[in-house]
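The values are calculated or read from the model by the stated rules, or taken from the named source; none is laboratory data. Predicted, not measured: the structure shown is a model, and the values here were computed from it. Reconstructed Cβ throughout: ideal geometry from the backbone, glycine too, with neighbour counts over all protein chains shown. Ligands, DNA and RNA are stripped out before the accessible areas are found, and what is left, the full protein with its side chains, is counted by its heavy atoms. Shrake-Rupley method; radii C 1.70, N 1.55, O 1.52, S 1.80 Å.
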Amino acid sequence: MSPDRFGDEFSRAAYAADPRRSHGRLYPEDPSRTRTPFARDRDRIIHASAFRRLKGKTQVFVAHEGDYFRTRLTHSLEVAQIARSLAHALGLDTDLAEAIALAHDLGHPPFGHAGEEALDAGMAPFGGFDHNVQTFRVVTELERRYPDFDGLNLTWESLEGIVKHNGPVGGRISEPAWRPIFAFNDRYDLRLTTFASAEAQVAALADDIAYNNHDVDDGVEAGLFQLEEIEQVSLIGPILRGLMDERPDLDRRMFRLEAVRRMIGAMTNDVIEQSRANVAATGVESAEAVRLLRAPLIAFSAQMADDLGRLRLFLHERMYHHYLVNRKRSQARRILAEMFGLLFAEPEVLPTEWFERAKAMDDGERARLVCDYIAGMTDRFAVEEHRRLFALDLGN
């Protein structure tokens, strides 16, 4: 099948990204005979080492605390599923939305935001650490799987979406942590001051839908709060009361799962309805027109955005800062801070391949290499590596 024929069999919105008109790749490659450029990007992300390691990195809890808690991998798959459904409903390119969704967490270090805080503190004299920037570096530099280039050589549209899925980033030029993106942009202009494609915007909202609902699920499962405690959120209260009226026979577990499913459905439907209204109001007729708008085309309604704000506030108070979670975050920060300090001061204890690279580096380059080494770890590997480095075990 010719690449020019991809997409002919289904209805595509006028404002959708078109794989037949992709801006291409930094390093030109022959087209695939079996996949669109965006589908090829998705497949490269799935096969990346950083993607596989997401199975050992967690959102809020630590990987060994229970098999039922979500990892970065399961979260990414859930985001991709929601993104693909939204993209299909809106006539967008499902492969591009899915690729951006699958890639969005590749740069997260072990232990979630606690790990990011520790690495940002250690890297403060050398530009800091930002997981979004690290994700970009993973797909453009750190993954080494191809003989002719570093990174995954993704299409312009996928790179743009990874960088700008939360909106324009041109204003971050003064932030030291973002220097790698602006340096790359000098070689390959991603138009950092505009919005990204509608597909990238879909991936961003799919992330919001997934993590808010699934953190509710995990928080109740962990016993940090009860589902009924968030009835004051205007979206959730009617769903809980309606479900109780319809199915009073459900046990606690099935009630929770059905409530979360309905919450996801309500948020997804809200995005579809609001986005269609935005399309009608703006009259966008091309992917380029989406980029030039002054606000995102894909969005929640004002009421849903307010409900989500209330839900996030509840989760911050009752889950993310629960004392049991705080203890784990404290331990995680100490583990990564101690490892960073030791490996930076004594690079000779790094694995041989990493030490060989560190030999010729100045302090800033060596700090970034140590940061990359730690950021790529899973939760379990970080705990074990810390033990190997700090436990008095002369037998090993």
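When the criteria are applied in full, residue 263 meets the requirement of being farther than 17 Å from residue 204 by Cα, within 22 Å of the chain's Cα centre (by Cα) and in a helix (DSSP H, G or I). When residues in region 164-173 are screened for being outside any loop (DSSP other than H, G, I, E, B) and open to solvent by 10 Å² or more (accessible area, probe 1.4 Å), 4 of them pass. Looking across region 106-151, just one residue is touching a strand residue (DSSP E or B) at 6+ places or on another chain (Cβ under 8 Å) and either at pLDDT 95 or above or in a loop (DSSP other than H, G, I, E, B) (or both), and that is 111. Listed conditions (1) at pLDDT below 90; (2) within 25 Å of residue 372 (Cα to Cα); (3) not in a loop (DSSP other than H, G, I, E, B) are all met by residue 53, apart from (1).
Residues in region 211-234 that are of a type outside the set (Asp, Glu) and assigned to a helix (DSSP H, G or I): 211, 212, 213, 214, 216, 219, 220, 227, 230. Considering region 269-316, and only residues there that are among the hydrophobic types (A, V, I, L, M, F, W, C) and part of a loop (DSSP other than H, G, I, E, B), the residue that is surrounded by the most Cβ atoms within 10 Å (Cβ to Cβ) turns out to be 298.
For region 329-369, a residue qualifies if it is under 25 Å from the mean Cα position of the chain (by Cα) and open to solvent by 70 Å² or more (accessible area, probe 1.4 Å), and the qualifying residues are 331, 333, 334. Checking each residue in region 317-327 for being in a helix (DSSP H, G or I) and either open to solvent by 70 Å² or more (accessible area, probe 1.4 Å) or without any contact (Cβ under 8 Å) to a residue 24 or more places away in the chain (or both) picks out 317, 318, 323, 324, 326, 327. Residue 243 passes every criterion in (1) assigned to a helix (DSSP H, G or I); (2) without any contact (Cβ under 8 Å) to a residue 40 or more places away in the chain; (3) over 21 Å from residue 59 (Cβ atoms); (4) open to solvent by 10 Å² or more (accessible area, probe 1.4 Å) apart from (4). For region 370-396, the candidate set comprises residues that are open to solvent by less than 40 Å² (accessible area, probe 1.4 Å) and among the hydrophobic types (A, V, I, L, M, F, W, C); within that set, the residue that is farthest from residue 180 (Cα to Cα) is 382. The residue of region 174-204 that is farthest from residue 15 (Cα to Cα), among those that are assigned to a helix (DSSP H, G or I) and without any contact (Cβ under 8 Å) to a residue 12 or more places away in the chain, is 174. Selection within region 135-148: residues that are under 14 Å from residue 371 (Cα atoms) and not β-branched (Val, Ile, Thr). The member of this set that is most open to solvent (accessible area, probe 1.4 Å) is 142.
For region 40-60, a residue qualifies if it is open to solvent by less than 10 Å² (accessible area, probe 1.4 Å), in contact with a helix residue (DSSP H, G or I) (Cβ under 7 Å, 6 or more places away or on another chain) and of a type outside the set (S, T, N, Q), and the qualifying residues are 41, 45, 50, 54, 57. Within region 118-134, is there a residue that is open to solvent by 20 Å² or more (accessible area, probe 1.4 Å), among the polar types (S, T, N, Q) and out of contact with any Asp or Glu (no Cβ under 9 Å at 6 or more places or on another chain)? Yes, region 118-134 has at least one match.
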